[in-house]
Ligand code: RM4
Ligand code: MN
Ligand code: MN
C-alpha cells in the first residue's frame, strides 16, 4: 500500500501545529533499540520450554537473526550478550563476525544466578568464597567488554531471601555494595555499569535490589559511571514507570531500559503489546527531557515462548518506534501552556491527541527515506528468512536460550 498521500496529509497537519516534521523524521532515523541474544533462542517459563522451529541454537545464529531484524528495521544495530550463555573463545573473531553482518555487540550481561553455588545468592551470599566467584565473573565480563568494544555492563542479581530471619538484610546490603565497588574500577574507560532491580522472584521475602530507589542509592555510592536500569516488567501493578523515568533522568542516573510488557509479574511479553499508553508516557518523559536522555540505552529484554521469535522481536522494535514517533509529535509548547494555565484536561488532551494520531504514514516515510521498505512486517512475511532457518536449524529442544529445559 502506498503511504504517500496519507503522509502528505499528516505532515501538513503537523506542520500547521508548528511541528518540525523533518526534525521528527531525523530523530526517528537515529533511534536505537538493542535486541537481546537470548530472545532468539528457545526460552520458556518455569513450567516448560517449547522448542520453536528455526530458533537460534548458537551465538552465530543469534547474531544472524539480530542482523536480520536490523536489516528490516534499520534501528536495531546492536545485540546484547549474556555470559556464559554466549561465551566464545575468540572475542575478536566474534566482533568481526558481527561487523560483517552489519551489527555490533552491545551490553554485556553477567549471569550470576544459574550456578549451583548461587543458591543463597551471588554478591550478597553469606559465604565470602561465593561472593568472590561472582565478583570474578563480573570482572571477566569487564574484560570481555573491552574486547568486543561494549560500553555497558548490565547487572541483574537474583539475590534475596525467602524467609524472615533467613539472613541479615543490612549485612547483605553491605556485601552488595562492597562487590560492586570491587568491580567498578575495572569498567573500561568511558563505559557504564547499569544496575537493574526487581521487586520479587526468585526470592519472595526480600529482594536485595527491590526497586529503583535501592538501585539509585547504590549507584550514587559508586560514582558517575553507575546508573539505574529500568526493566519495564519489574514493577508492582499500577506503578507509574514514567514518573520513575522522569526522576532518574533529572538526577542524571537513568542508564537504560529493558523493554518488555508487564501483565502481572516479571513479564517477557512484546513491549507495547498490552499497554501502549504506558510506553508512550515513558517516551514522552524521554523526549521532553531533551539532552538529559541522550545516553539512555534502549534494550529489549524479552523471551518469546509460544510465538515466532523473529516476528516477536520485529514487532517489539516497531512498537518502540511507534511510541517514540507519538512522543515526538506532541505539541510541547501547547502542553506547557495548558499546564501553566492549570487546565487539567486541556493539558491531558494535548498528550491524548498525539497518542491517538495514526503515525504509520510518518513511520513509513521515515523508513523509505532510510532506504528501507516502509512495511517491515510485510517484508518479513513475504521473504524466506524464517522458512530457511526452520529448514537449516530444525526444531531443537532446549537449544540456545540458556534457559533450563
Ligand atoms: C531477569 C532480568 C535480567 C535478565 C534475566 C534473564 O528477570 O530481567 O535482565 O538478564 O531475567
Ligand atoms: Mn531485565
Ligand atoms: Mn526480567
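Every number here is computed from the coordinates shown, using simple stated rules; none is lab data. Everything numeric here is computed off the predicted structure, so don't read it as measured data. Here the Cβ is made from the backbone with ideal geometry for all residues, glycine too, and neighbour counts use every protein chain on show.
Going by alpha carbons, how many degrees (0 to 90, nearest 10) lie between the helix axis of 276-288 and the longest principal axis of the chain?
90 degrees
Could you tell me whether region 134-288 comes out rounded, prolate or oblate from its Cα gyration tensor? Rule is a ≥ b ≥ c as square roots of the eigenvalues, rounded for a/c under 1.5, then prolate if a/b exceeds b/c, otherwise oblate.
oblate
Work out the FRET efficiency for residue 50 and residue 89 from their Cβ-Cβ distance, taking R0 = 41 Å, and round it to the nearest 0.05.
0.85
Hey, for a label at residue 275 modelled as a point 7 Å past Cα toward Cβ, could you say which residues of region 292-316 have their backbone N under 16 Å away?
Counting only backbone N, you get 301.
Quote the FRET efficiency, to the nearest 0.05, computed for residue 251 versus residue 384 with a Förster distance R0 of 35 Å and r equal to the Cβ-Cβ distance.
Numbers: r = 48 Å, r/R0 = 1.38.
Using R0 = 35 Å, I get an efficiency of 0.15.
With a 10 Å radius around each residue's Cβ, average the other Cβ atoms per peptide and rank 248-254, 280-286, highest first.
In descending order of packing, they fall as 280-286, 248-254.
First measure r as the distance between the Cβ atoms of residue 337 and residue 8, then evaluate 1/(1 + (r/R0)^6) with R0 = 22 Å and state the FRET efficiency to the nearest 0.05.
According to the calculation, E is roughly 0.20.
So what's the convex hull volume per residue for the Cα atoms of region 1-110, in Å³?
Details: hull volume 19.4 nm³, N = 110.
Residue-normalised Cα hull volume stands at 176 Å³.
In deg cm²/dmol, rounded to 500, what helix-only [θ] at 222 nm does the chain give when every DSSP H run of at least 4 residues adds -39500 (n - 2.57) and the total is split over its residues? If you can, show how the numbers build up before the last one.
On the way: 15 runs with 185 residues, N = 405.
Result for the chain, helices only: -14500 deg cm²/dmol.
Using the basic label-point model (7 angstrom from Cα toward the beta carbon), what is the residue 113 to residue 20 distance in nanometres?
About 4.2 nm, to one decimal.
If you take every DSSP beta bridge fully contained in the chain, what fraction is antiparallel? Give it as a percent rounded to 5. Let's see the in-between values first.
Working: 3 of 28 bridges.
Around 10 percent antiparallel, to the nearest 5.
Using a 10 Å cut-off on Cβ atoms, rank the peptides 123-133, 324-334, 348-358 from the highest mean neighbour count down. Present the calculation step by step, with values, prior to reporting the outcome.
Values: 123-133: 17.6, 324-334: 20.8, 348-358: 15.6.
Order by mean packing, descending: 324-334, 123-133, 348-358.
With axes computed from alpha carbons, what is the tilt in degrees of helix 128-148 against the longest principal axis of the chain, rounded to the nearest 10 within 0 to 90?
40 degrees
Report, in cubic angstrom per residue, the convex hull volume of the C-alpha atoms of the chain.
Value for the chain: 143 Å³ per residue.
How high is the relative contact order of the chain? Use alpha-carbon pairs under 8 Å, at least six apart in sequence, and give a whole percent.
Contact order relative to length: 24 percent.
State whether region 1-61 is rounded, prolate or oblate according to the following rule on the C-alpha gyration tensor (a ≥ b ≥ c being the square roots of its eigenvalues): a/c under 1.5 gives rounded; otherwise a/b larger than b/c gives prolate, and the remaining case gives oblate.
Details: a/c = 3.50, a/b = 2.91, b/c = 1.20.
Prolate is the answer for region 1-61, as a/c is 1.5 or above and a/b outweighs b/c.
Determine the gain in length on full extension of the stretch residue 348-residue 166; use 0.36 nm per residue of separation and subtract their C-alpha separation, reporting nm with one decimal. Can you show the working numbers first?
Numbers: separation 182, 0.36 × 182 = 65.52 nm, distance 4.72 nm.
Length difference between fully extended and current span is 60.8 nm.
Any idea what angle helix 212-222 forms with the longest principal axis of the chain, computed on alpha-carbon atoms, 0 to 90 degrees, nearest 10?
Between helix and principal axis, roughly 70 degrees.
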